[in-house]
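So the structure is just underneath, and the comments pick up after that.
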Amino acid sequence: MREYLLTLCVTVAVTYLLTGPVRKFAIAAGAMPEIRARDVHREPTPRLGGIAMFGGLCAGLLVADHLQNLNAVFEKSNEPRALLSGAALIWLIGVLDDKFEIDALIKLGAQMISAGVMVMQGLTILWIPVPFIGTVPLTQWQGNLLTVALVVITINAVNFVDGLDGLAAGMVCIAAAALFLYAYRIWFGYGIESAAPATLFAAILMGMCLGFLPHNMHPARIFMGDSGSMLIGLVLAAAAISLTGQVDPDALALFAGGERNATHAMLPAYIPLILPLTVIAIPMADLVLAIVRRTWKGQSPFAADRGHLHHRLLELGHSHSRAVLIMYFWSGLIAFGTVAYSVHSAAMWIVLVIAVLSAVGLFLLLLPRFTPRTPAWAERLVPPRYRHAARAAEAAAEAAAQDASGAEPQPVRPIAAGVSGVNGATAVGPRSRFPERRKAESTR
């Protein structure tokens, strides 16, 4: 565990330190595209954040290769080299797309080639555990096709959800954390060495996301772009494939003790099938809904629009930060809930906790304009938007000014969600009034 933590910290540090210089390079290179109709930010922001994330990936693999215990992963398995080869190819295509806007079909072909590069080096699904049947071996073509499909779907799912500041990096970090906990339990708890590569990939993926998030949280100073979103999607898919298709469920000695006990014991073998889907459940749902919505309208499945889940949250009235936190909440609930259930499948309290948290999540969705009531004694400790006394005094002053001038009060015009003026200082509304304030206070 100490070596995994060291690899994680090195990946975080390298990614974080590289992001600043990469931002300056992106500005100098002109990788700041104009704001599109589907974007929610109001100012051109540099991309190419994937360059820093790829640097963190290389640093994490390099450090792990020189550690005493993790070095065995590189000696006994070719999966780290396969991951690095596929990641380098998809990262290069992403960098070119961030700068020159490559066609969607070309990117899809590059994603399939990157998956094929990993398959050719041994990172593929060899078998799948099927409930009440056992381990079902796959032919070479079946395993290869399933691997390519999973990689392409995961990459596009992560790419589709990359629409708000910090959303994709945070959701993938949550998914990687859940995957790390499960893979480490399989490797350390059951002594299955083939789970070590997946554990390493998940730790490095967490470091890449954690190192980039401080620069990408709202308001973002840099975007990861396709070079980052496709990269972390591929790494997540590689970790899931390594855990699902390389770990033999029969090695867990699950088939013993009667049919009922075997059914409960087989649950950890089923989880690798479910976990890759649960950790990207929200992006996957967004991907499916986007394809159905666009084809229903007669559009291309790759046509961009403002109908993604994060756009819907903004239209409901949630602020930018609150929409991101809600997506974090649901991703963590699904991913960690699945992992917890795999550990204690017979514990009813886990199901109850998940049900209660789901109700809390639905409650938050129905209260988009909820503002906490702050006591009078604590108003000095909270931002001005939560100070009811200040807002009441401001409203009274405006009413007094209108009475003094004799002007009729202006009717309140409703503002549509997703346009300028909604939710205060968010990415879909005006930022702050600090420029006007500085101008008024200027002595010149």
Quiz prompt | Residue check, A104 touching a residue at least 12 places away in the same chain (Cβ under 8 Å), surrounded by fewer than 16 Cβ atoms within 10 Å (Cβ to Cβ) and of a type outside the set (D, E, K, R) | solution = yes
Quiz item: If G298 passes every condition in (1) at positive phi; (2) of a type outside the set (D, E); (3) modelled with pLDDT of 70 or more; (4) open to solvent by less than 60 Å² (accessible area, probe 1.4 Å) but one, which one does it miss?
Solution: (4)
Exercise. Kindly provide the set of residues from segment 43-95 that are in contact (Cβ under 8 Å) with a residue 60 or more places away in the chain, outside any helix (DSSP H, G or I), within 21 Å of F212 (Cα to Cα) and not β-branched (V, I, T), ordered by number.
Key: P46, R47, L48, G49
Quiz item: So which pairs qualify, if the first residue must be in segment 2-25 and farther than 14 Å from R221 by Cβ, the second must be assigned to a helix (DSSP H, G or I) and acidic (D, E), the Cβ gap must be under 8 Å, and the two must be at least 6 apart or on different chains?
Solution: none
Exercise. Kindly indicate the residue of segment 301-334 that is open to solvent by 20 Å² or more (accessible area, probe 1.4 Å) and hydroxyl-bearing (S, T, Y) and also modelled with the lowest pLDDT among those meeting that condition.
Key: S319
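Residue-wise test of (1) in contact with a strand residue (DSSP E or B) (Cβ under 6 Å, 6 or more places away or on another chain); (2) farther than 22 Å from V73 by Cα; (3) part of a helix (DSSP H, G or I).
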{"position": "I102", "(1), (2), (3)": "no, yes, no"}
{"position": "G109", "(1), (2), (3)": "no, yes, yes"}
{"position": "M118", "(1), (2), (3)": "no, no, yes"}
{"position": "I125", "(1), (2), (3)": "no, no, no"}
{"position": "V136", "(1), (2), (3)": "yes, yes, no"}
{"position": "V148", "(1), (2), (3)": "no, yes, yes"}
{"position": "M171", "(1), (2), (3)": "no, yes, yes"}
Exercise. Evaluate the following for Q68: is it over 24 Å from L6 (Cβ atoms) and of a type in the set (S, T, N, Q)?
Key: no
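Looking only at segment 6-35, which residues are open to solvent by 60 Å² or more (accessible area, probe 1.4 Å), under 21 Å from the mean Cα position of the chain (by Cα) and among the hydrophobic types (A, V, I, L, M, F, W, C)?
Here is the first cut: in segment 6-35, the residues open to solvent by 60 Å² or more (accessible area, probe 1.4 Å) are 6, 9, 16-18, 21, 23-25, 27-28, 32, 34-35.
Cutting the leftovers down to under 21 Å from the mean Cα position of the chain (by Cα) gives us 9, 16-18, 23.
Those that are open to solvent by 60 Å² or more (accessible area, probe 1.4 Å), under 21 Å from the mean Cα position of the chain (by Cα) and among the hydrophobic types (A, V, I, L, M, F, W, C): C9, L17, L18.
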Exercise. Any residue in segment 341-361 that's under 17 Å from A178 (Cα atoms) and surrounded by 15 or more Cβ atoms within 10 Å (Cβ to Cβ): show its pairings with residues that are at pLDDT 75 or above and of a type in the set (K, R) at Cβ separation under 8 Å, as long as the two are six or more apart or on different chains.
Key: V343/R185
Quiz item: Across segment 283-292, which residue is nearest to the chain's Cα centre (by Cα) among those that are at pLDDT below 75 and open to solvent by 30 Å² or more (accessible area, probe 1.4 Å)?
Solution: M284
Quiz item: Does segment 145-161 contain any residue that is surrounded by fewer than 19 Cβ atoms within 10 Å (Cβ to Cβ), over 20 Å from the mean Cα position of the chain (by Cα) and modelled with pLDDT of 85 or more?
Solution: yes
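Among the residues of segment 173-212, what is the count of those that are open to solvent by 10 Å² or more (accessible area, probe 1.4 Å) and of a type outside the set (G, A, S)? Spell out how you get there, then give the answer.
Keep residues of segment 173-212 that are open to solvent by 10 Å² or more (accessible area, probe 1.4 Å), which gives 173-174, 177, 180-181, 184-185, 187-194, 206, 210.
Filter again for of a type outside the set (G, A, S), leaving 173-174, 180-181, 184-185, 187-188, 190, 192-193, 206, 210.
Result for segment 173-212: 13.
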Practice problem: Pull up segment 53-68, narrow it to residues that are more than 11 Å from L231 (Cα to Cα) and among the hydrophobic types (A, V, I, L, M, F, W, C), then point me to the one that is surrounded by the fewest Cβ atoms within 10 Å (Cβ to Cβ). | Solution: L62
Quiz item: Is it fair to say K76 is open to solvent by 70 Å² or more (accessible area, probe 1.4 Å), over 19 Å from V235 (Cβ atoms), touching a Leu at 6+ places or on another chain (Cβ under 8 Å) and at pLDDT below 90?
Solution: no
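The values are calculated or read from the model by the stated rules, or taken from the named source; none is laboratory data. Values in this document were obtained by computation on a predicted structure and should not be read as measured data. Methodologically, a virtual Cβ is constructed for each residue, glycine included, from the backbone with ideal geometry; neighbour enumeration extends over all protein chains shown. Ligands, DNA and RNA are stripped out before the accessible areas are found, and what is left, the full protein with its side chains, is counted by its heavy atoms. Shrake-Rupley method; radii C 1.70, N 1.55, O 1.52, S 1.80 Å.
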